[in-house]
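K.L.:
What follows is a structure written as structure tokens; I'll ask about it next.
The values are calculated or read from the model by the stated rules, or taken from the named source; none is laboratory data. Note that the coordinates shown come from a computational prediction; the quantities given were computed from them, not determined experimentally. Please note: Cβ atoms are built from the backbone with ideal geometry, for glycine as well, and neighbour counts cover all protein chains shown.
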């Protein structure tokens, strides 16, 4: 029967689509990368999504985050993302968590419930906690490496963390994964050397933070504010979503 996922089914087949509809995917971080992951997973027929982020939409998010518009500024990102998912795929079951994921908050989540985990957060401690919990639960996980301060979307690729180079975040993750005995980790990263943002305090959130009232983490407290574009985080998010859908459907495709 013709439905909203019929064009996808022409490529993957009916059994694969049924399996995707039975899967629950957790997306940690609903920003420039994670927002596009959620968008593509909803449009691919994933049946259940857990969305985790404590942040609110800021005016400066509009340049790159699919959930960010003038209308959504000040709203929680997970709430905006949930509304988009409901408009795209009403049968998708969405759970939202207004939580900043760190080792201190990890007990809120049972990774055994997930069929796949997406890490699209910025903090190394949080990323490592996600990876360790996913590995312990036997759940596949994919991580976004650095997308800020880069302008070439064609430089991103999928690799094991131990095959990465150039990316400063990947370097730290390689070292920390090795310490923890994590022998493999799928990541999306770029070999493009990160640019140095202009030192223009008149347009820097570091000095002129305009985060919405009630935001837990102010830009003025951050160590650095990266530059960003509309076309780099989106590409990373879509690559990740493609990996998730292809991995989950691999055994069911006709």
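K.L.:
Residues that are farther than 22 Å from residue 106 by Cα and in contact with a helix residue (DSSP H, G or I) (Cβ under 9 Å, 6 or more places away or on another chain), at least 1 per element: which strands (runs of 3 or more DSSP E) completely within segment 125-213 meet that?
P.N.:
Hits in segment 125-213: 156-160, 186-190.
K.L.:
Okay, moving on. Residue pairs, Cβ under 9 Å, 6 or more apart or interchain, first in segment 191-203 and free of Cβ contacts under 8 Å to residues at least 12 places away in the same chain, second surrounded by 11 or more Cβ atoms within 10 Å (Cβ to Cβ) and part of a loop (DSSP other than H, G, I, E, B). List them.
P.N.:
Sorted first by the residue in segment 191-203, then by its partner, the pairs are 201/207; 201/208; 202/208.
K.L.:
Select from segment 32-43 the residues that are out of contact with any strand residue (DSSP E or B) (no Cβ under 8 Å at 6 or more places or on another chain) and surrounded by 24 or more Cβ atoms within 10 Å (Cβ to Cβ) and write down the one among them that is nearest to residue 241 (Cα to Cα). Before you say what the answer is, go through the steps one by one.
P.N.:
First pass over segment 32-43, keeping only residues out of contact with any strand residue (DSSP E or B) (no Cβ under 8 Å at 6 or more places or on another chain): 32, 35-36, 39-40, 43.
Now narrow it down to the ones that are surrounded by 24 or more Cβ atoms within 10 Å (Cβ to Cβ): 32, 35-36.
Values: 32: 13, 35: 10, 36: 8 Å.
Top of the filtered list is 36.
K.L.:
Moving on. Counting only residues that are in a helix (DSSP H, G or I) and at pLDDT 80 or above, which one in segment 214-238 is surrounded by the fewest Cβ atoms within 10 Å (Cβ to Cβ)?
P.N.:
238
K.L.:
So which residues in segment 99-123 are under 14 Å from the mean Cα position of the chain (by Cα) and either in a helix (DSSP H, G or I) or surrounded by 15 or more Cβ atoms within 10 Å (Cβ to Cβ) (or both), if there are any at all? Can you show your working first?
P.N.:
Taking segment 99-123 and keeping what is under 14 Å from the mean Cα position of the chain (by Cα), we get 100-101, 116-123.
Those that are under 14 Å from the mean Cα position of the chain (by Cα) and either in a helix (DSSP H, G or I) or surrounded by 15 or more Cβ atoms within 10 Å (Cβ to Cβ) (or both): 100, 101, 116, 117, 118, 119, 120, 121, 122.
K.L.:
Every residue in segment 37-59 that is assigned to a helix (DSSP H, G or I) and in contact with a helix residue (DSSP H, G or I) (Cβ under 8 Å, 6 or more places away or on another chain), please.
P.N.:
Of segment 37-59, the ones assigned to a helix (DSSP H, G or I) are 37-43, 59.
If the condition is that a residue be assigned to a helix (DSSP H, G or I) and in contact with a helix residue (DSSP H, G or I) (Cβ under 8 Å, 6 or more places away or on another chain), then 37, 38, 39, 40, 41, 42, 43 are the ones that fit.
K.L.:
Does residue 85 fit the bill of being within 25 Å of residue 24 (Cβ to Cβ), touching a helix residue (DSSP H, G or I) at 6+ places or on another chain (Cβ under 7 Å) and not in a loop (DSSP other than H, G, I, E, B)?
P.N.:
Values: within 25 Å of residue 24 (Cβ to Cβ): yes; touching a helix residue (DSSP H, G or I) at 6+ places or on another chain (Cβ under 7 Å): yes; not in a loop (DSSP other than H, G, I, E, B): yes.
So residue 85 fits the description; yes.
Residue-wise test of (1) modelled with pLDDT under 95; (2) more than 22 Å from residue 144 (Cα to Cα); (3) over 15 Å from the mean Cα position of the chain (by Cα); (4) surrounded by fewer than 20 Cβ atoms within 10 Å (Cβ to Cβ).
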{"residue": "25", "(1), (2), (3), (4)": "no, no, no, no"}
{"residue": "30", "(1), (2), (3), (4)": "no, no, no, no"}
{"residue": "54", "(1), (2), (3), (4)": "no, no, no, yes"}
{"residue": "90", "(1), (2), (3), (4)": "no, yes, yes, yes"}
